[in-house]
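*Asks:* Next up is a structure, given as structure tokens.
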Amino acid sequence: MKVLLKEDLKALDKKHFLHPTTSIEQQQVQGPAAIFTEGKGIYLKDMEGKTYIDGMSSLWNVNIGHGREEIAEVAKEQMMKLAFSSCFSTFSNEPAILLATKIASLAPGDLNTVFFTSGGSESNDTAIKLARHYWILKGQPERQKIISRTHSYHGVAMGATNATGLQAFRDFTNSPAPDFHYVYKDSPQDLREAIEALGPEKVAAFISEPVQGAGGVNIPPEDYFKEVRAICDEYGILFIADEVITGFGRTGKFFGMEHFGVNPDMMSFAKGVSSGYAQLGGVIISEKIHQDFCKLSKGTLMHGYTYSGHALACRVGLKNIEIIEREGLVENAQKMGHAMLDGFSRLQQKYSFIGHIRTFGLLGAIELVESREAGEMFETPLSPIFVQETMKRGLILRTVTYDQDTVVFSPPLIITSTELEEMLRILDETCAYLQENYIEKKEINL
Ligand SMILES: Cc1ncc(COP(=O)(O)O)c(C=O)c1O
């Protein structure tokens, strides 16, 4: 590859690269904030040689950390042997069969059969379509409505966008799809009322993340999912868990729903299944749904992606899960999650602008408030400045400014106590800087 200077790359980036989920204005003014060239463990390096802690596992996905040679080795071996072959028309390949079997052994309840995709959005579109198709097969073709929660994020494919509760994603185009409905995130009663209002015989499925990620690391009330499961059972509605972020160890259990003691009918997954080393996702369906498909389906299942069951991606997924198990990363996520919460509460004691703090395994959030007692937010959100300042100090984080002013965390599951302390030290330094330069001067507008 030709070696280019940073300024040349910046110019090419501005002209030729339309970035996903990015402010075009900001990109056109500043160019890329960082051009990453290397990753090792929890760290990323940019082309100027500056090192950052990847406090978000990039996009909540690089669970086993960067630069794993053994993944590269199996990927090379698989690519030399068979990178790809079709899984349509009953064709199959060994990595896809083995990965489906492995995932079935890890998934709770009777979730036993896997449909593969290339990522989370495709997984949620698949879950929605499988649910709707299921009801056609079951002789209830009216059941096509999908209910999701406010503050939820399910991706950007057509179905996934329409299921997403964060309105801004749906407002991106002017053509909302029919048969999508939203209920307040923490209220089982709201779900019940929505089902009654829509007509239970018209509702196909309810979809929810166990803990909402992009909506602000929102942890549901303790019994929320038990009540939701009971309501879905009462009205015969399918319950889809979106485990795209929470799957594969992130929360301190293999799947997030395990914390709540309920089994969904389908689970969508992506991200942590391959830790970003290959584009991979899927949906796990229950034994019951699978049996019904086997009994009732005639002709072809008219849903499939070219890359469903991609041999190389599935081989990478298998190795990734082997690493998660061998290194005890699920347990580490739980342990480090507790340590992260301790660290957050030390910061909370020191800085009055830190409001509600929460962790769930290695998912975390710090809310920023003008007044903790009144729970009042700043007029202009402080979190964008907060993450700019941590970035300068070598820590990459993200913000949530919809309905809250929050900094969110999702570090790799391999993080050690020493690395966590380093992350907390940067947070402390950033808070001290903000205290002096913004809070005391009461100047948040940049
Ligand atoms: C909970 C959840 N579902 C679905 C998606 C969409 O996944 P992808 O971006 O791989 O399409 C995401 C992505 O962040 C997510 O957080």
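The values are calculated or read from the model by the stated rules, or taken from the named source; none is laboratory data. Just so it is clear, the model here is predicted, and its values are computed rather than measured. Cβ sites come from the backbone with ideal geometry, for glycine too, and all protein chains shown count toward neighbours.
*Asks:* For the range 125-159, name all the residues that are within 16 Å of the ligand (Cβ to nearest atom), among the hydrophobic types (A, V, I, L, M, F, W, C) and out of contact with any strand residue (DSSP E or B) (no Cβ under 9 Å at 6 or more places or on another chain).
*Replies:* Once the filter is applied, which keeps residues that are within 16 Å of the ligand (Cβ to nearest atom), among the hydrophobic types (A, V, I, L, M, F, W, C) and out of contact with any strand residue (DSSP E or B) (no Cβ under 9 Å at 6 or more places or on another chain), the range 125-159 yields 156, 157, 158.
*Asks:* With the requirement that a residue be over 16 Å from the mean Cα position of the chain (by Cα), of a type in the set (Gly, Ala, Ser) and under 29 Å from residue 58 (Cβ atoms), what does the range 271-313 give you?
*Replies:* Going through the range 271-313, the residues over 16 Å from the mean Cα position of the chain (by Cα) turn out to be 284-313.
Right, trim to of a type in the set (Gly, Ala, Ser) and you get 286, 297, 299, 304, 308-309, 311, 313.
Those that are over 16 Å from the mean Cα position of the chain (by Cα), of a type in the set (Gly, Ala, Ser) and under 29 Å from residue 58 (Cβ atoms): 304, 308, 309, 311, 313.
*Asks:* Condition test on residue 103, is it within 21 Å of the chain's Cα centre (by Cα), part of a strand (DSSP E or B) and more than 15 Å from the ligand (Cβ to nearest atom)?
*Replies:* Values: within 21 Å of the chain's Cα centre (by Cα): yes; part of a strand (DSSP E or B): no; more than 15 Å from the ligand (Cβ to nearest atom): yes.
No.
*Asks:* In addition: Would you mind telling me which numbered condition in (1) touching a strand residue (DSSP E or B) at 6+ places or on another chain (Cβ under 9 Å); (2) away from the ligand (no atom under 16 Å from the Cβ); (3) under 30 Å from residue 424 (Cβ atoms) residue 120 fails?
*Replies:* The single condition residue 120 does not satisfy is (2).
*Asks:* Follow-up. Within the range 373-412, track down each residue that is part of a strand (DSSP E or B), in contact with a strand residue (DSSP E or B) (Cβ under 8 Å, 6 or more places away or on another chain) and free of Cβ contacts under 8 Å to residues at least 40 places away in the same chain.
*Replies:* First, the residues of the range 373-412 that are part of a strand (DSSP E or B): 376, 395-396, 398-400, 406-409.
From the residues that got through so far, the ones that are in contact with a strand residue (DSSP E or B) (Cβ under 8 Å, 6 or more places away or on another chain) too are 395-396, 398-400, 406-409.
Scanning the range 373-412 gives a single hit, 399.
*Asks:* Hey, could you check the range 243-258 for residues that are in a loop (DSSP other than H, G, I, E, B) and aliphatic (A, V, I, L, M) and say which is farthest from residue 119 (Cα to Cα)?
*Replies:* First, the residues of the range 243-258 that are in a loop (DSSP other than H, G, I, E, B): 243-255.
With the extra rule that they be aliphatic (A, V, I, L, M), the set shrinks to 244-245.
On the way: 244: 8, 245: 11 Å.
Ranking the candidates gives 245 first.
*Asks:* Here's another thing I want to ask about it. What pairs come out if I take residues in the range 277-293 that are over 15 Å from residue 123 (Cβ atoms) and aromatic (Phe, Trp, Tyr) and pair them with residues that are more than 16 Å from the ligand (Cβ to nearest atom) and at pLDDT 95 or above whose C-beta lies under 8 Å away, six or more apart or interchain?
*Replies:* If the second residue must be more than 16 Å from the ligand (Cβ to nearest atom) and at pLDDT 95 or above, the pairs left are 277/68; 277/71; 277/75; 293/134; 293/137; 293/285; 293/301.
*Asks:* Read through the list (1) among the acidic types (Asp, Glu); (2) in contact with a His (Cβ under 9 Å, 6 or more places away or on another chain); (3) not in a loop (DSSP other than H, G, I, E, B), then give the number of the only condition that residue 421 fails.
*Replies:* (2)
*Asks:* Could you please give the count of residues in the range 233-266 that are under 27 Å from residue 141 (Cα atoms), within 16 Å of the ligand (Cβ to nearest atom) and more than 13 Å from the chain's Cα centre (by Cα)?
*Replies:* 4
*Asks:* I need a count of the residues in the range 213-232 that are within 16 Å of the ligand (Cβ to nearest atom) and among the basic types (Lys, Arg).
*Replies:* First pass over the range 213-232, keeping only residues within 16 Å of the ligand (Cβ to nearest atom): 213-220, 225.
Narrowing the set further to residues that are among the basic types (Lys, Arg) leaves none.
Residues that pass the stated criteria total 0.
*Asks:* Among the residues of the range 155-164, is any crowded, with 21+ Cβ neighbours inside 10 Å, in contact (Cβ under 8 Å) with a residue 12 or more places away in the chain and in contact with a Leu (Cβ under 8 Å, 6 or more places away or on another chain)?
*Replies:* no
To keep it simple, each residue is scored yes or no on (1) in contact with an Asp or Glu (Cβ under 6 Å, 6 or more places away or on another chain); (2) under 24 Å from residue 329 (Cα atoms); (3) loosely packed, with under 11 Cβ neighbours inside 10 Å; (4) not polar (S, T, N, Q).
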site: 12; (1), (2), (3), (4): no, no, no, yes
site: 49; (1), (2), (3), (4): no, no, yes, yes
site: 53; (1), (2), (3), (4): no, yes, no, yes
site: 74; (1), (2), (3), (4): no, yes, no, yes
site: 88; (1), (2), (3), (4): no, no, no, yes
